[in-house]
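See structure below.
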Amino acid sequence: MTRPRVFISRAIPSVGIDLLKQHFDVEVWLENKPPQREIVLKKIAGCAGVLTLLSDQVNEEFLQAAGESLKVVSNFAVGYNNIDCSAAAARGVRVGNTPDVLTDATADMAMCLMLAAARHLQAGIDSVRNGGWLSWEPLGYMGIDLKGKTLGIVGAGRIGAALAQRCYGGWGMNVQYTSRSEKPSWNDQFAARRCEFQELLETSDVVSVHCDLNPSTVRLFNEQAFSQMKSGAVFVNTSRGGVVDQDALVTALQNGKLLAAGLDVTDPEPLSPSHPLVGLPNCVIAPHIGSATHEARNAMSRIAAENILLAIQDKAMTAEVFPNK
Ligand code: GLV
């Protein structure tokens with residue numbers, strides 16, 4: 001009997017691939033760059049499951065190319081802004097993601113970027129590497145202490161909570177957040193207060209972004225938002241690059257409105273090395289590595305594979321996306 005086919009659009013940690021190989025006829029795209037779109041569309045034809053990355057656009061074209069055999073699309077990520085969930089649902093295709101297991105890794109990355117930005121680490125490292133380190137500089141590289149400062153979290157989900165825990169417990173920062181609803185547990189655990197977006201911008205020393213990318217958050221951080229932030233504030237983004245108007249961020253970093261920024265996500269990805277953000281001494285940019293720990297990526301691989309296995313078996317998935325719930 002032929003086994004259902006599964007396509008995995010990049011090499012991922014082996015735990016998930018091994019699990020899928022026990023049940024399905026599996027093909028993995030092993031090159032170190034994503035397959036071109038035409039190749040993806042060919043490879044997925046007739047598959048029962050596709051394990052996708054954020055770089056795969058799962059839309060009508062994708063679903064049509066896969067055909068009626070497709071039962072599940074399993075994203076190797078917690079976010080799923082690359083997937084048209086309504087189009088998938090209309091065809092009875094289930095969608096999975098990998099929540100929870102990357103929460104701590106991503107909160108750690110936000111913390112890294114916050115510290116790096118607040119302490120001008122990028123400029124310091126550049127000077128060591130390019131011969132600019134000439135002496136100990138009493139007036140050089142002065143950033144800000146985080147202790148006692150106010151952290152504004154935009155998007156009070158799991159990763160935001162893990163960052164709040166680190167900053168409240170570790171540095172005694174005051175935490176405030178935006179959210180559609182009050183989060184009593186945030187008050188209990190981090191003495192955090194909910195506030196409106198504008199108030200958060202006006203009163204936070206550090207703003208860290210953790211919201212989804214959706215029509216209401218596209219370019220949420222625009223010229224107006226940056227102008228409302230405290231002068232000398234630090235901006236951190238580990239969610240999606242599309243939440244930020246990058247031209248406005250360049251201006252806010254160049255004119256000194258912001259002290260610094262730390263970004264793990266940009267739009268597009270990869271960002272060209274010639275993009276103005278890349279050359280700014282007060283901007284530290286990582287190549288979207290928030291979940292890049294062995295622990296997180298292995299767990300993501302396992303869950304993404306389980307999602308495919310369980311959906312093809314018509315069972316409850318480990319993590320199914322129900323966007324309208
Ligand atoms: C990474 O950005 C993810 O959504 O998991």
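The values are calculated or read from the model by the stated rules, or taken from the named source; none is laboratory data. Quick caveat: nothing in here was measured; it's all calculated off a predicted structure. FYI the Cβ positions are ideal-geometry reconstructions off the backbone, even for glycines, and counts take in every protein chain you see. Accessible surface areas use protein heavy atoms only, side chains included; no ligands, DNA or RNA. Shrake-Rupley method; radii C 1.70, N 1.55, O 1.52, S 1.80 Å.
Based on alpha-carbon centroids, what's the gap between segment 1-76 and segment 203-233 in Å, whole number please?
One Cα centre to the other: 35 Å.
I'd like the trypsin sites (Lys or Arg not before Pro) in segment 62-122 restricted to DSSP loop residues with at most 16 other Cβ atoms within 10 Å, sorted by number.
Those that pass, being in a loop and sparsely packed, are ARG91.
Please identify every one of the GluC sites (Glu not before Pro) in segment 34-134 that sits in a loop by DSSP and has no more than 11 other beta carbons within 10 Å of its own beta carbon.
On the way: sites: GLU38, GLU60, GLU61, GLU68; in loops: GLU68.
Here the sparse-neighbourhood loop sites are GLU68.
Work out from phi, with θ = phi - 60° and the Karplus expression 6.51 cos²θ - 1.76 cosθ + 1.60, the ³J(HN,Hα) of each residue of segment 195-211, listed in order in whole Hz, and give x for Gly and Pro.
8, 6, 3, 4, 5, 4, 4, 6, 10, 9, 7, 10, 10, 10, 9, 9, 8
For an R0 of 56 angstrom, estimate the FRET efficiency from the Cβ-Cβ distance between SER86 and TRP136 and round to the nearest 0.05. Mind dumping the intermediate values first?
Working: r = 59 Å, r/R0 = 1.05.
Calculated value: 0.45.
Using only alpha-carbon positions, what ratio does the radius of gyration of the chain give when scaled by 2.2 N^0.38 Å? Walk me through the numbers before you get to the answer.
Values: Rg = 21.3 Å, N = 325, 2.2 N^0.38 = 19.8 Å.
Relative to the 2.2 N^0.38 Å estimate, the chain comes out at 1.07.
Could you go through segment 284-293 in sequence order and give the Karplus-derived ³J(HN,Hα) for each residue, using 6.51 cos²θ - 1.76 cosθ + 1.60 with θ = phi - 60°, rounded to whole Hz, and x for Gly and Pro?
10, 10, 10, x, 6, 10, x, 9, 7, 10
Where does each of 211-224, 132-145, 14-27 land if you order them by average Cβ count within 10 Å, highest first?
Working: 211-224: 14.9, 132-145: 10.6, 14-27: 17.1.
Taking the mean over residues of other Cβ atoms within 10 Å, the ranking is 14-27, 211-224, 132-145.
May I ask for the net charge around GLY279, where only other residues with Cβ less than 15 Å from the Cβ of GLY279 are counted and Lys, Arg are +1 while Asp, Glu are -1? Could the numbers behind the result be given before it?
Details: positive: ARG129; negative: ASP126, ASP247.
So the environment of GLY279 carries a net charge of -1.
Could you work out what % of the accessible surface of the chain is carbon and sulfur, using a 1.4 angstrom probe and leaving DNA, RNA and ligands out of the count?
Numbers: 8280 of 15910 Å².
So the carbon and sulfur contribution to the accessible surface is 52 percent.
Give the average over all directions of the projected area of the C-alpha convex hull of segment 145-220, one decimal, in nm². Each step should come with its number before you reach the end.
Working: hull surface 19.1 nm².
The Cα convex hull of segment 145-220, projected and averaged over all directions, gives 4.8 nm².
If you build the convex hull over the alpha carbons only and average its shadow over all orientations, what do you get for segment 55-150? Give it in nm² to one decimal.
Values: hull surface 42.0 nm².
Computed as one quarter of the Cα hull surface, the answer is 10.5 nm².
Pick from LEU113, LEU70, LEU54 the residue whose mean-square fluctuation is largest in a GNM of the chain, springs joining Cα atoms under 10 Å.
Fluctuation is largest for LEU54.
Counting Lys and Arg as +1 and Asp and Glu as -1, what is the net charge of the other residues whose Cβ lies under 10 Å from the Cβ of ARG158? Walk me through the intermediate numbers first.
On the way: positive: none; negative: ASP100, ASP104.
Value of the local net charge: -2.
Lysines within cross-link reach of LYS149: Cα-Cα under 22 Å, excluding same-chain residues under 8 positions apart?
Straight-distance partners of LYS149: LYS183, LYS230, LYS257.
Would segment 25-68 count as rounded, prolate or oblate if I go by the C-alpha gyration tensor, calling it rounded below 1.5 in a/c and otherwise prolate when a/b exceeds b/c, oblate otherwise?
On the way: a/c = 1.77, a/b = 1.26, b/c = 1.41.
In terms of gyration-tensor shape, oblate.
What is the angle, in °, between the Cα long axis of helix 294-312 and the longest principal axis of the Cα atoms in the chain? Nearest 10 is fine, range 0 to 90.
Helix 294-312 sits at roughly 30 degrees to that axis.
Tell me what the chain gives for mean residue ellipticity at 222 nm when only DSSP H runs of n ≥ 4 count, each as -39,500 (n - 2.57), the sum divided by the residue total, rounded to 500 deg cm²/dmol. Walk me through the numbers on the way to the answer.
Numbers: 13 runs with 119 residues, N = 325.
One gets -10500 deg cm²/dmol as the mean residue ellipticity at 222 nm.
Where only protein heavy atoms count, and the probe is 1.4 Å, what is the accessible area per residue for segment 162-279 in Å²? Please report the intermediate quantities before stating the final value.
On the way: 5360 Å² over 118 residues.
Accessible area per residue: 45 Å².
Count the net charge of all other residues whose Cβ sits under 15 Å from the Cβ of GLY140, scoring Lys and Arg as +1 and Asp and Glu as -1. Please list the in-between numbers first.
Working: positive: ARG119; negative: ASP126, GLU137.
Residues close to GLY140 contribute a combined charge of -1.
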